[in-house]
Amino acid sequence: MNRFSGKISKIEVNGSLSLVTVAASERITIKTIIIETPETAAYLKIGNTIQVLFKETEVVLGLNQKQAISLQNRINGTIIQIEKGALLSKVVIDTEIGSLVSVVSTEAIKELNLEENQEVIAMIKLNEIMLSE
């Protein structure tokens, strides 16, 4: 499980859903949508320190910033390790908020020609991110 700390910087509420923005660093913000509101969850307050969690299998890897896709959570980094398996591979990425792990198909590693010391963008869908105190 990937885990980062950050501070809640924005909360937008509609009904029982909240779109929460967490500042993980000065340049990296992570957005998530949760089925809670500041009225139902005491930890949802601007400025509160929170843990951001997401599975390694939810991390999509890309090679450049000009990708026209809807994934808003984008973290730039450098591949520091690739462990290739028969079907799946583990990719460890060094980012300004710490190490991040992605599990992708070994075929994708080959198709993208991913290798250590290569710059990549890790992307995570906002509905795949969990928050914890």
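Here, each number is a calculation from the coordinates, and none is a lab measurement. Because the structure is predicted, anything quoted here is derived from the model rather than measured. Heads up, the Cβs are rebuilt from the backbone with ideal geometry, glycines too, and the neighbour counts pull from every protein chain shown.
Modelled label positions at S16 and L71, each set 7 Å beyond Cα in the direction of Cβ, lie 3.0 nm from each other. Amide H to amide H distances under 5 Å link N48 with I8, where only residues 5 or more positions off or on other chains count and H is placed in the peptide plane.
For the chain, modelled as a GNM whose springs connect Cα atoms under 10 angstrom apart, the maximal fluctuation among K84, K31, K66 occurs at K66.
Its alpha carbons give the stretch 11-53 an Rg and a Dmax of 10.2, 30 Å.
Simple point charges give the picture: +1 on the Cβ of Lys and Arg, -1 on the Cβ of Asp and Glu, and for the stretch 16-122 a dipole about the Cα centre of about 220 debye. As a proxy for reagent exposure, ranking T32, T78, T21 by other Cβ atoms within 10 Å from fewest up yields T78, T21, T32. Classify the stretch 81-133 as rounded, prolate or oblate from the Cα gyration tensor: take a ≥ b ≥ c as the square roots of its eigenvalues, call it rounded if a/c is under 1.5, otherwise prolate when a/b beats b/c and oblate if not. Prolate is the answer for the stretch 81-133, as a/c is 1.5 or above and a/b outweighs b/c.
In order along the stretch 9-18, the phi-based Karplus estimate (6.51 cos²θ - 1.76 cosθ + 1.60, θ = phi - 60°) of 3J(HN,Hα) comes to 10, 7, 9, 10, 10, 9, x, 9, 9, 10 Hz; Gly and Pro are listed as x. Once the convex hull of all Cα atoms in the chain is built, its volume per residue stands at 105 Å³.
Projecting the Cα atoms of A24, L114, N73 onto the dipole axis of the stretch 18-133, where Lys and Arg carry +1 and Asp and Glu carry -1 at the beta carbon, places N73 farthest toward the positive end. For the stretch 74-87, putting each phi into the Karplus relation 6.51 cos²θ - 1.76 cosθ + 1.60 with θ = phi - 60° gives couplings of 10, 10, 6, x, 10, 5, 10, 7, 10, 10, 7, x, 5, 10 Hz, in residue order, rounded to whole numbers and with x for Gly and Pro. Here the Karplus relation 6.51 cos²θ - 1.76 cosθ + 1.60, evaluated at θ = phi - 60°, turns the backbone of the stretch 27-43 into coupling constants of 10, 10, 10, 10, 10, 9, 10, 10, 9, 7, 9, x, 6, 9, 9, 4, 6 Hz, with x for every Gly and Pro.
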